[in-house]
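What follows draws every value from the coordinates through simple rules; no lab data is involved. Everything numeric here is computed off the predicted structure, so don't read it as measured data. With ideal geometry, Cβ positions are generated from the backbone for all residues, glycine too; neighbour counts draw on all protein chains shown.
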């Protein structure tokens, strides 16, 4: 969608009980291009959404606000006054006092969408979204702008099941934002490069043993830092990640090769067949023999373990 410098388009939606049972319902979606020196916010919004930058406001819903041009300021009861630049996303939480406004010198362009429901509550409970980190730097992203624009189109058309369509768009927006912001964190100080290097070394040495502390030394970083960041980046501690690689390779060899289970155990440098069986059973719920039989579609038991 295209807007001129004074463009504004928004929609406030009504949700019924069925919409709420879906787990995610959308309350508002909009775009505003605020010119430098203009009053903010414009006075064409319902009372529940209108506020002054001096007093701020408290919403009964979540909102995402995406700044694509200009700059301004933001503050909340958990975030000290912060300068906001284009390419940043604001997460607003229900029941939280906040305020934001564009700079008089630049104005700004903002896309926003409001929503509520158990799905978002669950994301907050599991720390995917946090009041302590409610300003995310994601840069200017064409896909996000397209998604906000599509949400406006769906809201304005207001067809049957529009709420469910909009819920899907919100989850797409959320997933995109979380992915971009998480990966940007690791661009600082070449963190991503170092972690990816560690992953490659592990992949290339899956038939051997790797000491995570020695690996950290090889990469020129402290082990405590390496372990912490590696787990944040992959979801696994380094040693656990390496064991998952070995397990994945074992599964591949069981299905695709004619090697005996003893040979696979030896090839992947497990300490003993008993150790291999115990790890395999714990992680997959089946023994290596059962896994091979199932994967090959045969009922005949292997006798080569």
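Here are the numbers:
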{"item": "Shape call, the stretch 8-185: gyration tensor on alpha carbons, a/c limit 1.5", "result": "rounded"}
{"item": "Förster-model FRET efficiency, 25 Å R0, residue 209 and residue 183, C-beta, rounded to 0.05", "result": "0.25"}
{"item": "Fewest-first ranking of 10, 91, using other Cβ atoms within 10 Å as the exposure measure", "result": "10, 91"}
{"item": "Projected area, mean over directions - the chain, Cα convex hull, nm²", "result": "21.1"}
{"item": "Cα shape, the stretch 190-296, gyration tensor, a/c 1.5 rule", "result": "prolate"}
{"item": "Relative contact order, percent, the stretch 1-155 [alpha-carbon distance under 8 Å, six or more residues apart]", "result": "29"}
{"item": "Contact order normalised by residue count of the chain, Cα under 8 Å, 6+ apart, percent", "result": "14"}
{"item": "FRET efficiency, 1/(1 + (r/R0)^6) with R0 45 Å, evaluated for residue 244 and residue 73 via beta carbons", "result": "0.50"}
{"item": "Gain on full stretching of the segment that runs from residue 256 to residue 14 - 0.36 nm per residue minus C-alpha separation", "result": "81.6 nm"}
{"item": "Average Cα contact separation per residue, the stretch 129-203, under 8 Å, 6 or more apart, as relative contact order %", "result": "33"}
{"item": "Degrees separating the helix 273-284 axis from the principal Cα axis of the chain, which is the longest one", "result": "30"}
{"item": "Ranking of 158, 47 by count of other Cβ atoms within 10 Å, fewest first", "result": "47, 158"}
{"item": "Among 60, 98, 275, residue whose mean-square fluctuation peaks in a GNM of the chain (springs only between Cα atoms under 10 Å)", "result": "275"}
{"item": "Helix axis angle, 238-256 relative to the chain longest principal axis, alpha carbon, degrees", "result": "60"}
{"item": "222 nm mean residue ellipticity, helices alone, for the chain (DSSP H n ≥ 4; -39,500 (n - 2.57); rounded to 500)", "result": "-13500 deg cm²/dmol"}
{"item": "Between 0 and 90°, nearest 10: helix 162-185 axis offset from the chain longest Cα axis", "result": "70"}
{"item": "Rounded, prolate or oblate (a/c below 1.5 giving rounded, otherwise prolate when a/b exceeds b/c) for the stretch 76-173 by Cα gyration tensor", "result": "oblate"}
{"item": "Residues 103, 224, sorted so that the one with the fewest Cβ neighbours within 10 Å comes first", "result": "224, 103"}
{"item": "Zone of residue 50's modelled label, taken as backbone nitrogen in the stretch 68-106 under 20 Å from a point 7 Å along Cα→Cβ", "result": "98-102"}
